[in-house]
1. Spot the failing condition for ASP265; the list is (1) of a type in the set (Asp, Glu); (2) in a loop (DSSP other than H, G, I, E, B); (3) modelled with pLDDT of 95 or more, and only one is missed.
2. Output the qualifying pairs, or none if there are none: Cβ atoms under 6 angstrom, residues six or more apart or on different chains, first residue in the stretch 418-440 and farther than 18 Å from ASP481 by Cβ and touching a residue at least 12 places away in the same chain (Cβ under 8 Å), second residue crowded, with 21+ Cβ neighbours inside 10 Å and among the β-branched types (Val, Ile, Thr).
3. Return yes when GLU402 is in contact (Cβ under 8 Å) with a residue 40 or more places away in the chain, outside any strand (DSSP E or B) and either under 16 Å from GLY169 (Cα atoms) or of a type outside the set (A, V, I, L, M) (or both) and no when it is not.
4. Tell me, which residue of the stretch 296-315 that is of a type in the set (A, V, I, L, M) and either more than 28 Å from SER399 (Cα to Cα) or at pLDDT below 90 (or both) is nearest to the chain's Cα centre (by Cα)?
5. Of (1) touching a residue at least 24 places away in the same chain (Cβ under 8 Å); (2) under 17 Å from ASP265 (Cβ atoms); (3) of a type in the set (S, T, N, Q), ASN301 satisfies all except one. Which?
6. Please go through the stretch 363-387 and pick out each residue that is out of contact with any Lys or Arg (no Cβ under 8 Å at 6 or more places or on another chain), free of Cβ contacts under 8 Å to residues at least 60 places away in the same chain and farther than 15 Å from SER321 by Cβ.
7. Look through the stretch 326-379, keep the residues that are among the aliphatic types (A, V, I, L, M) and within 28 Å of GLY410 (Cβ to Cβ), and return whichever of them is surrounded by the most Cβ atoms within 10 Å (Cβ to Cβ).
8. I'm checking my understanding of the structure. Among residues of the stretch 156-179 that are part of a helix (DSSP H, G or I) and in contact with a Gly (Cβ under 7 Å, 6 or more places away or on another chain), which one is nearest to ILE485 (Cα to Cα)?
Amino acid sequence: MHAIIKSFHIANRFSKRFVIFLSKRVICSALMFLFIYVIFGPTLAGAAGDQACPAWTDMAQAGAGQDLGGAPTVDAEPPAGTAADTSTLHEWVPRVLGAQADYLLQGALPFHNPYQGPNSFSDVGGDREDLTQVYGVYLGSQLAPGLQLYIDSEMFKGDGLSKGVGLSGYVNGDALRAGSNGLPNDPYIARFYFRYFQALSAETSKVDAGPDQLPGYEPVSRWEMKIGKMAAVDDFDLNRYANNNRTQFMNFDFLYNTSWDYAADTRGYSYGIVEALYQPSWKTVLGIYLQPNEANGANFNFDNMRALGYNWEFDIKPNSSGTVVRFLTFFNTGKMGDYDEALAIAQATGTVPNIVGVEKLGGYKYGFGLNFEQPLADDGETGLFGRLGWDNGTHEAWSYTECDRDVSLGAQVSGVHWGREQDRAGGAYGVDGLSKAHRDYLEAGGIGTLLGDGKLNYGFEQVLEVYYMVQVNRFVQVSPDFQFILNPGYNCDRGPVEVFGLRVRLSYTPL
C-alpha cells in the first residue's frame, strides 16, 4: 500500500503545473459549452428527434456503483438493442460524465455577540456575507472489462461566512473544500482513482451516466475495489435525502455524521484503498485513507503509515419498502493532540491551553454512526432520514468539524403534490455536543481547529434548516435556504444566528 500510494504522490507532483494549465481551459470550455447548451439545448434536442443514446455492451462496463438506497431497474440480461456501442470512440477514451457550476450567496443577520475569539463565528464587516463558487468537470474511462478510471477537476472561489470557522454545524458544505489554509483559487485534481469490480451474479442493474459513474449495466452482486485519490464520503455514510450540499441541505449537520472525523485534506479528499461487497439486500465496505499532516491540512506525508483513518460500514435493507439502515465505525490515528494533556500543562504553567503544543504521533479517535432513510411516497422522492453519532472525544478534531455527539432528523418532500414534479423541499433539525475533555478545553480559552470564543458557556449547538429546490429546466436549479443556529460554537452567551442563502446550480450530464 505504501509503494502504491507514494507512486500516486509522485505522479501528482509531476503533473501539477500541467493540470492547472489544462484544467483552467477544460473548465472554461466546459462551462461555455454548458451555457450554450442551456440556451440552445431545446432546439438541438428537437433537431435530434428520436436518435437513441449509445449504450454500453457488457455488464463489466458498469458505472461507479450505487448505494442500497433507491430502486434501480433490475434485468437478468441487458435489454435487447444494447449489444453494441454505437459511438466512434474507443472505450478507454475518457468521456465527460458531467460538468457543473455552483454559486451560493449567504448572509447572516446581526446577532447577540458580547465577545468573540480567534475562531468565533463573526457578523462583523465582510464576515457577514459571502459568495462561494465551485466549478467542476468529471471524466471517466473504461480501461478494460471491470476496470475503470475516474478523474475529477474542480476549482473553488470564496471563503464562506466568517471564513469557515465558529460553528460545528457550519452553514456551507462547500466551504470545507476551501478551508482556512489560504489555498489558491487554481483548479485542482479532486479525484484520481481506479475502480475494479468482479461480478458475483448474472443479475444486473442499469446505471445512468453521472459524475464518477460510467453508464451501463453492473452486477447486483459484486466485489469491488478502489484505489487512488478520492473522498471517504463517496462510499461511507451515504443518504438519499441528506448527502449533497449542491442539491439538498447545505449545513454540515445534514451532509454526513458530524461526529465522524473522516480522514481528508482541507478540500475533503484523501488517498486510500476501499473494498466493498454488494448483495441485493446488504452491503459492507472497508476503507483506509491517509491523514493530513496537520489539522485541517492540505498536505500528506506519504512515508508515514502511522497517520491513517480506518472505516467500516454495514448497510442493510430490512424490508421491501425501501428502508435502508447503515452502521458505521471508524478508528483514526495520527498527530492529534490530547485535550487533557493540554489542560494539565496550562494549569501547571498558568497559561491558556494549546492543543497544537501537545500534538504527536500516537493520537487516536474512534467512534460510530447510525444512519437511516425511509421512503414514504412518490417513488421514494418523499421520505425521512436521520443520523446518530458518537466519538470518544479525547483528542482534537482533525479533518471534519468539532463535534463528539450528534443526532439529526429530517424530511424531503417531492413537488409533485403542488404540480412541480421535479422540485424538492427539505427540512431538518440537528443537535451537536462535545465530550467533557473537549468542552473543558474550550472553557479554559483553548482554540480548536474551527472553534474558539476565548471562553465558553456550554450548551448543545442546535441547527434548523429548510430549503426549496426549483428545477428550472434540465440544466438549472435555484434553491433559497434558511438556517437557524442556537448556541453557535456551543456557546449559550452568543447568538442565535440566522443565515439566509440562495444557491444557483448549472449542471450538465450526458443522456
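The values are calculated or read from the model by the stated rules, or taken from the named source; none is laboratory data. Fair warning: this is a prediction, and the values are worked out from it, not measured in the lab. Cβ atoms come from the backbone with ideal geometry, glycine included; neighbour counts cover every protein chain shown.
1. With (1) of a type in the set (Asp, Glu); (2) in a loop (DSSP other than H, G, I, E, B); (3) modelled with pLDDT of 95 or more applied to ASP265, the lone miss is (3).
2. Matching pairs, first to second residue: ASP432/THR258.
3. Values: in contact (Cβ under 8 Å) with a residue 40 or more places away in the chain: yes; outside any strand (DSSP E or B): yes; either under 16 Å from GLY169 (Cα atoms) or of a type outside the set (A, V, I, L, M) (or both): yes.
Yes.
4. Looking only at the stretch 296-315, we keep the residues that are of a type in the set (A, V, I, L, M), and these are 298, 305, 307-308.
Adding the requirement that they be either more than 28 Å from SER399 (Cα to Cα) or at pLDDT below 90 (or both) leaves 298, 305.
Numbers: ALA298: 16, MET305: 24 Å.
Across the stretch 296-315, the extreme among qualifying residues is ALA298.
5. Result: ASN301 fails condition (1) only.
6. In the first step, residues of the stretch 363-387 are kept if they are out of contact with any Lys or Arg (no Cβ under 8 Å at 6 or more places or on another chain); the result is 364-368, 374, 376-379, 382, 384, 386-387.
Add one more test, that the residue is free of Cβ contacts under 8 Å to residues at least 60 places away in the same chain, and what stays is 364, 366, 368, 374, 376-378, 382, 386.
Selection gives TYR364, TYR366, PHE368, GLY386.
7. So the first thing to find is which residues in the stretch 326-379 are among the aliphatic types (A, V, I, L, M), and the list is 328, 336, 342-346, 348, 352, 355-356, 358, 361, 370, 376-377.
Checking which are within 28 Å of GLY410 (Cβ to Cβ) leaves us with 328, 370, 376-377.
Details: LEU328: 24, LEU370: 16, LEU376: 15, ALA377: 12.
The extreme case among them is LEU328.
8. So in the stretch 156-179, the residues part of a helix (DSSP H, G or I) come out as 161-164, 173-177.
Of the ones still in play, those that are also in contact with a Gly (Cβ under 7 Å, 6 or more places away or on another chain) are 164, 175-177.
Numbers: GLY164: 15, ALA175: 17, LEU176: 18, ARG177: 22 Å.
By that ranking, first place goes to GLY164.
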